[in-house]
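> I have a structure here, written as structure tokens, and I will follow up with some questions on it.
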Amino acid sequence: MAKVPASLESLTEEYGPHLNYTPPGGWQDAAHEGPEKLVKTHCCFCGQQCGIQLRVRGSRVVGFEPWEDFPFNRGMLCPKGVKRYLQGSHPDRLLDPLLRSDHGFRKATWDEALDFTARRLREIQERYGKDAVAIYGGASLTTEKAYLLGKFARVALGTRHIDYNGRLCMVSAGVAYKLALGIDRSPLPWSDIPKAQVLLIVGANIGECAPITTDYVWRCRENGGKLIVADPRMTPITRNADLYLPVRPGTDLALLLGMLHVILREGLEDREFIQAHTTGFAEVAASVQGWDPRTAAEYSGVPPEAIERAARWFAEAGRAIALHARGTEHQSKGVENCLAIINLCLATGNIGRAGAGCAMITGQGNGQGGREHGQKCDQLPGARSLLDPEARAHVARVWGIQPEELPQAGLTAEEIMEAIHRGEIKALLSMCFNPLVSLPDANYTREALEGLEFFGVVDFFLSETAQLADVVLAGSLQEEEEGVTCSTEGRVIHIQKAVDPPGNAREDSWIYCELARRLGKGRYFSFTSPREIFDELREASRGGVADYYGITYEKIDRQMGVFWPCPSLDHPGTPRLYEDLHFHQPDGKARFLVTEWRESGDPVDRDYPVYLTTGRVVSQYLSGTQTRRIGALVDQYPEPRVEMHPRLASRLGIAQDDWVTVATRRTEITLRASVVRTIRPDTVFIPYHWPHDRSANRLTHRTLDPRSKIPEFKVSACRVQKAARPGGKA
Ligand SMILES: Nc1nc2c(c(=O)[nH]1)N[C@H]1C(S)=C(S)[C@@H](COP(=O)(O)OP(=O)(O)OC[C@H]3O[C@@H](n4cnc5c(=O)[nH]c(N)nc54)[C@H](O)[C@@H]3O)O[C@H]1N2
Ligand SMILES: Nc1nc2c(c(=O)[nH]1)N[C@H]1C(S)=C(S)[C@@H](COP(=O)(O)OP(=O)(O)OC[C@H]3O[C@@H](n4cnc5c(=O)[nH]c(N)nc54)[C@H](O)[C@@H]3O)O[C@H]1N2
Ligand code: SF4
Ligand SMILES: [Mo]
């Protein structure tokens, strides 16, 4: 049955006095709330996890100060980091649980909202079986919350189906690193970046999306390092590149295979390293034979000479690093792309030493930590496999249950949405995920969500997805609960609690413990603080790949972060992996793996002749729930634009600021054009931070990488036309 979404307007009407909640003394002048204090913590946004000091007065965060001593960013922050503090007192903050009524939402008490949620979950499980309920988590959550969600799904609900929004983000890299090297973590600390003689950056808009990493790249260049950038768009960092590879969307693999071909043809590989520390080289060498630079150029659109030059520079450098992000991972061959990058590093002996290697740049604040301790559908804490009997026995012991009680592996995030659409999964409880904006093919996602028998959301703002929920539980911002996250480098850091959640909002972990109690499983969730959750997590991860046993909050504070694995209390942590050239494989050797070319899931043709790619702009964050509410950030980039090259624009009769309709095999949307010379003439780009009729994800398709199950956000086929006005066509 279709549900009428409660709009923000109707919410304001219903919920008016509470939306305008004002703390005692008012938001404006809280001086009477006592002296100001500074709290050393980290930015809630991207995976850089910059150190920041929050200025706290009484019950609220009123500003920020740089934290000069934190080694990663040394006081530097990007525009999002300096504005993040404005969320806490935002008038849209959810301050009470909400229950759907005949006219939108109404305010509820916690007992009412939690009893209702537990009752609906129980009823649906009794009627349709345990797996009819699914849990969504997110990688902006602290590691404690992510761990708690994994345990909640398996112990409180006994469902197989839990997955998280990191499935839309990093999983192609994760699968590839695990397959080839054995560990899903960047092998190097960022302090290695300035030491490289060549930096190859593939599909990463570092200037806008990992702004503080730019400083590391510039230091590399100041040391004489060369910079190669592969992207269909000349992003800000490309201005200082020594070599730009204008790769066609979805064809990184051809480019990378071409580079390996050149390296082997010219005998530039490191035979000694290959022989001593790897397996599978012969098969990979044979597989790149057909990928001469001309062939690679035909597929990728990168000139053959540029492919040759990139290959030579990378192989001839004594120390080379390849950095990659979603440009190369958001593809239906995202895993192959990452494996091909690793193959380049293995072939040239670039790994396990200072200034050499490969690394994925993580996306969300806890993009790394959020994928280590159990909110992935096939994973137990410590990055253990749910399929491994020993791992099941260990974790079951820590949790006080029998291994047989642990469910089997479940579906991934997009697969869960498809099972909802098919009517197999009937209930969803989602925290820290805005699937209506962030999953591909948004109309399909909406149909699925509207068909749920029960939908609960935990958020601190009424996201577009939450507007479709039956119950919205008012949760907490990052600074409202203590915990840890793990940064892009693999550094576990300490998130300090600065303030309590406002009004009747509650700490996220309290909400799940209370629900567990109402589901009759309270004895497994008797935590009274995040520290207790962390201590259990340390035990659960002990002996696993992501071993946190030796990490404590105090040690993190003392050392300004601890790199995992850290197996014992006296262990200093592991900034660089594989320094002994022993890889995390049964034979200790890294694996070369063959990567085969295949077409994208939504190929261009006569009817849809232009590539559509999607991504980010510097001032907005993800589905925009948070940043679209911060005025100063909205002003920087108020609406999504269709970025296109002047050549494509003039062929279609389109000028700067014209309205244009972009149509794919799903549907069409109409936005203004931004005509720029910095994009391939066969490609348009739309940032995806907006909902509804401005949502790039109405256009994208649901093809997944078969191994990582990441959607192909970076490649769709489209048609572009000038439009007379918004919503209309020329
Ligand atoms: N300002 C800002 N910063 C963020 C975020 C945000 O939303 N806003 N989100 C955070 C998160 S969760 C993530 S995952 C990261 C993402 O960080 P990035 O991966 O750097 O960002 P994207 O814009 O998704 O894509 C990166 C680049 O890929 C290019 N690209 C598109 N198609 C292809 C292709 O086929 N091949 C190649 N090689 N490149 C291609 C795009 O032109 C774009 O410049 O950023 C994090 N930081
Ligand atoms: N077309 C296209 N689509 C994409 C991408 C792309 O490049 N192109 N990128 C993909 C990527 S890389 C990512 S990571 C996803 C992100 O996808 P989303 O899941 O949409 O990410 P967010 O916008 O962070 O949504 C998280 C929600 O959780 C809330 N939230 C944040 N922190 C907390 C917390 O600590 N507690 C609670 N209770 N709630 C919290 C926020 O208010 C927000 O409503 O989008 C993906 N979608
Ligand atoms: S780079 Fe990332 S972590 Fe650092 S201030 Fe900007 S958004 Fe925050
Ligand atoms: Mo991401």
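The values are calculated or read from the model by the stated rules, or taken from the named source; none is laboratory data. Bear in mind the structure is a predicted one, so any value in this text is a computation, not a measurement. No Cβ is skipped: glycine too gets one built from the backbone with ideal geometry, and neighbour counts run over all protein chains shown. Surface areas here come from the heavy atoms of the whole protein model, side chains and all, with no ligands, DNA or RNA. Shrake-Rupley method; radii C 1.70, N 1.55, O 1.52, S 1.80 Å.
> When the residues of the range 648-703 are filtered to those that are among the charged types (D, E, K, R) and in contact with a Ser or Thr (Cβ under 6 Å, 6 or more places away or on another chain), which remaining residue is nearest to ligand 3 (Cβ to nearest atom)? Give the derivation first.
Filtering the range 648-703 for residues among the charged types (D, E, K, R) gives 651, 657-658, 665-666, 668, 672, 677, 680, 682, 693-694, 698, 702.
From the residues that got through so far, the ones that are in contact with a Ser or Thr (Cβ under 6 Å, 6 or more places away or on another chain) too are 668, 698.
On the way: 668: 32, 698: 27 Å.
Only one residue fits best here, namely 698.
> Consider only pairs whose beta carbons are under 6 Å apart and that are at least six residues apart or on different chains; among these, list those whose first residue lies in the range 391-420 and is farther than 30 Å from residue 444 by Cα and open to solvent by 40 Å² or more (accessible area, probe 1.4 Å) and whose second residue is in a loop (DSSP other than H, G, I, E, B) and hydrophobic (A, V, I, L, M, F, W, C).
That search, which allows pairs on different chains as well, returns nothing.
> Now for a different question. (1) within 16 Å of ligand 2 (Cβ to nearest atom); (2) under 23 Å from residue 432 (Cβ atoms); (3) aliphatic (A, V, I, L, M): which one isn't true of residue 206, the others all being true?
So the condition that residue 206 fails would be (2).
> Please work out if residue 120 is out of contact with any Lys or Arg (no Cβ under 9 Å at 6 or more places or on another chain), outside the structural domain of residue 521 (by TED's automatic domain parsing) and away from ligand 1 (no atom under 16 Å from the Cβ). Let's see the steps before the verdict.
Details: out of contact with any Lys or Arg (no Cβ under 9 Å at 6 or more places or on another chain): yes; outside the structural domain of residue 521 (by TED's automatic domain parsing): no; away from ligand 1 (no atom under 16 Å from the Cβ): yes.
Against the criterion (out of contact with any Lys or Arg (no Cβ under 9 Å at 6 or more places or on another chain), outside the structural domain of residue 521 (by TED's automatic domain parsing) and away from ligand 1 (no atom under 16 Å from the Cβ)), residue 120 does not qualify.
> Given the range 170-275, what helices (runs of 4 or more DSSP H) lie entirely inside it while holding 2 or more residues that are of a type in the set (A, V, I, L, M, F, W, C) and within 26 Å of residue 140 (Cα to Cα)?
171-180, 206-209, 211-222
> I'd like to verify a number: residues in the range 141-182 that are under 23 Å from residue 118 (Cα atoms) and away from ligand 4 (no atom under 14 Å from the Cβ), how many?
Our first condition is that a residue be under 23 Å from residue 118 (Cα atoms); within the range 141-182, this holds for 141, 144-164.
With the extra rule that they be away from ligand 4 (no atom under 14 Å from the Cβ), the set shrinks to 144-163.
Counting residues in the range 141-182 that are under 23 Å from residue 118 (Cα atoms) and away from ligand 4 (no atom under 14 Å from the Cβ) gives 20.
> Within the range 414-460, which residues are closer than 23 Å to residue 145 by Cβ, assigned to a loop (DSSP other than H, G, I, E, B) and within 16 Å of ligand 1 (Cβ to nearest atom)?
432, 433, 434, 439
> How many residues does the range 604-625 contain that are more than 18 Å from residue 693 (Cα to Cα) and touching a Cys at 6+ places or on another chain (Cβ under 8 Å)?
So in the range 604-625, the residues more than 18 Å from residue 693 (Cα to Cα) come out as 604-611, 617-619, 621.
From what's left, touching a Cys at 6+ places or on another chain (Cβ under 8 Å): 608, 610-611, 618, 621.
Going through the range 604-625 one residue at a time, the tally reaches 5.
> Restricting attention to the range 53-81, report how many residues are near ligand 3 (Cβ under 7 Å from one of its atoms) and hydrophobic (A, V, I, L, M, F, W, C).
Applying the first criterion (near ligand 3 (Cβ under 7 Å from one of its atoms)) to the range 53-81 yields 73, 77-78, 80-81.
Still in the list and also hydrophobic (A, V, I, L, M, F, W, C): 77-78.
Selection size over the range 53-81: 2.
> Being within 23 Å of residue 308 (Cβ to Cβ) and among the small types (Gly, Ala, Ser) is the filter here, so list the residues in the range 209-239 that pass it.
Within the range 209-239, 224, 225, 230 qualify.
> Here's another thing I want to ask about it. Specify which of the listed residues (449, 439) is of a type in the set (A, V, I, L, M), touching a residue at least 60 places away in the same chain (Cβ under 8 Å) and not assigned by TED's automatic domain parsing to the domain that holds residue 59. Explain how you work it out, then say what you get.
Working: 449 fails: touching a residue at least 60 places away in the same chain (Cβ under 8 Å).
Matching residue, one of 449, 439: 439.
> Among (1) more than 16 Å from ligand 4 (Cβ to nearest atom); (2) crowded, with 24+ Cβ neighbours inside 10 Å, where does residue 470 come up short?
With (1) more than 16 Å from ligand 4 (Cβ to nearest atom); (2) crowded, with 24+ Cβ neighbours inside 10 Å applied to residue 470, the lone miss is (2).
> Can you find a residue in the range 55-63 that is within 15 Å of ligand 2 (Cβ to nearest atom), surrounded by 20 or more Cβ atoms within 10 Å (Cβ to Cβ) and of a type in the set (A, V, I, L, M, F, W, C)? Outline the logic, then answer.
Residues of the range 55-63 within 15 Å of ligand 2 (Cβ to nearest atom): 61.
Then keep just the ones that are surrounded by 20 or more Cβ atoms within 10 Å (Cβ to Cβ); that gives 61.
Filter once more, keeping what is of a type in the set (A, V, I, L, M, F, W, C): 61.
Yes, the range 55-63 contains at least one residue that is within 15 Å of ligand 2 (Cβ to nearest atom), surrounded by 20 or more Cβ atoms within 10 Å (Cβ to Cβ) and of a type in the set (A, V, I, L, M, F, W, C).
> Taking the range 591-611 on its own, how many of its residues are part of a strand (DSSP E or B) and charged (D, E, K, R)?
So in the range 591-611, the residues part of a strand (DSSP E or B) come out as 591, 610-611.
Right, trim to charged (D, E, K, R) and you get 591.
Adding up the residues that qualify gives 1.
> Right, something else. Hey, does the range 561-577 have a residue that's within 16 Å of ligand 3 (Cβ to nearest atom) and crowded, with 20+ Cβ neighbours inside 10 Å?
Yes - at least one qualifying residue is present in the range 561-577.
> Next question, about the same structure. How about the range 627-655: which of its residues are open to solvent by less than 40 Å² (accessible area, probe 1.4 Å) and outside any helix (DSSP H, G or I)?
Answer for the range 627-655, where residues must be open to solvent by less than 40 Å² (accessible area, probe 1.4 Å) and outside any helix (DSSP H, G or I): 630, 640, 642, 643, 644, 645, 654.
> Only one of these is in contact (Cβ under 8 Å) with a residue 60 or more places away in the chain, more than 16 Å from ligand 4 (Cβ to nearest atom) and of a type outside the set (A, V, I, L, M, F, W, C): 369, 355. Name it.
Details: 369 fails: more than 16 Å from ligand 4 (Cβ to nearest atom).
After applying the criteria, what remains is 355.
> Okay, moving on. Can you pull out every residue in the range 677-700 that is open to solvent by 10 Å² or more (accessible area, probe 1.4 Å), out of contact with any Phe, Trp or Tyr (no Cβ under 9 Å at 6 or more places or on another chain) and not acidic (Asp, Glu)? If you could, list the steps in order and put the result at the bottom.
If we filter the range 677-700 for residues that are open to solvent by 10 Å² or more (accessible area, probe 1.4 Å), which is where we start, we get 677-678, 680-682, 688, 691-694, 698.
Applying the additional criterion that residues be out of contact with any Phe, Trp or Tyr (no Cβ under 9 Å at 6 or more places or on another chain) yields 677-678, 681, 691-694, 698.
677, 678, 681, 691, 692, 694, 698, listed by residue number.
> Condition test on residue 600, is it within 25 Å of the chain's Cα centre (by Cα), within 16 Å of ligand 3 (Cβ to nearest atom), among the hydroxyl-bearing types (Ser, Thr, Tyr) and farther than 30 Å from residue 195 by Cα? Don't jump to the end; show me each part of the working.
Numbers: within 25 Å of the chain's Cα centre (by Cα): yes; within 16 Å of ligand 3 (Cβ to nearest atom): no; among the hydroxyl-bearing types (Ser, Thr, Tyr): yes; farther than 30 Å from residue 195 by Cα: yes.
When the stated conditions are applied, residue 600 does not pass them.
> Scan the range 609-624 for residues that are open to solvent by less than 30 Å² (accessible area, probe 1.4 Å) and within 11 Å of ligand 1 (Cβ to nearest atom) and jot them down.
Within the range 609-624, the first condition is being open to solvent by less than 30 Å² (accessible area, probe 1.4 Å), and the residues that meet it are 610, 612-615, 617, 619-621, 623-624.
Once the filter is applied, which keeps residues that are open to solvent by less than 30 Å² (accessible area, probe 1.4 Å) and within 11 Å of ligand 1 (Cβ to nearest atom), the range 609-624 yields 612, 613, 614, 615, 617, 619, 620, 621, 623, 624.
> Let me ask another. What is the one condition in (1) under 20 Å from residue 415 (Cα atoms); (2) open to solvent by less than 20 Å² (accessible area, probe 1.4 Å) that residue 148 does not satisfy?
Just one mismatch for residue 148, condition (1).
> Here's another thing I want to ask about it. Mind counting the residues in the range 335-378 that are surrounded by fewer than 24 Cβ atoms within 10 Å (Cβ to Cβ) and in contact with a Ser or Thr (Cβ under 7 Å, 6 or more places away or on another chain)?
Selection size over the range 335-378: 1.
> In the range 276-314, what count of residues is obtained for those that are of a type outside the set (Gly, Ala, Ser), in a helix (DSSP H, G or I) and open to solvent by less than 60 Å² (accessible area, probe 1.4 Å)? Break it down stepwise before answering.
Here is the first cut: in the range 276-314, the ones of a type outside the set (Gly, Ala, Ser) are 277-279, 281, 283-284, 288-289, 291-295, 298-299, 302-305, 307-309, 312-314.
Filter again for in a helix (DSSP H, G or I), leaving 277, 281, 283-284, 293-295, 298-299, 304-305, 307-309, 312-314.
Filter once more, keeping what is open to solvent by less than 60 Å² (accessible area, probe 1.4 Å): 277, 281, 284, 293, 295, 304, 307-308, 313-314.
Here the count works out to 10.
> Return the total of residues in the range 421-434 being touching a residue at least 60 places away in the same chain (Cβ under 8 Å), away from ligand 2 (no atom under 16 Å from the Cβ) and more than 14 Å from residue 162 (Cβ to Cβ). Before you say what the answer is, go through the steps one by one.
Here is the first cut: in the range 421-434, the residues touching a residue at least 60 places away in the same chain (Cβ under 8 Å) are 424-434.
Filter once more, so that each one left must be away from ligand 2 (no atom under 16 Å from the Cβ): 424-427.
Subsequent filtering for residues that are more than 14 Å from residue 162 (Cβ to Cβ) retains 424, 426.
Count: 2.
> Would the range 1-15 turn up any residue that is modelled with pLDDT of 90 or more, out of contact with any Leu (no Cβ under 6 Å at 6 or more places or on another chain), closer than 28 Å to residue 364 by Cα and part of a loop (DSSP other than H, G, I, E, B)? Show your work before the answer.
Our first condition is that a residue be modelled with pLDDT of 90 or more; within the range 1-15, this holds for none.
Checked the range 1-15: no residue is modelled with pLDDT of 90 or more, out of contact with any Leu (no Cβ under 6 Å at 6 or more places or on another chain), closer than 28 Å to residue 364 by Cα and part of a loop (DSSP other than H, G, I, E, B).
> crowded, with 21+ Cβ neighbours inside 10 Å, touching a Pro at 6+ places or on another chain (Cβ under 8 Å) and of a type in the set (A, V, I, L, M) - does that describe any residue in the range 316-330?
So far as the range 316-330 goes, no, none of its residues is crowded, with 21+ Cβ neighbours inside 10 Å, touching a Pro at 6+ places or on another chain (Cβ under 8 Å) and of a type in the set (A, V, I, L, M).
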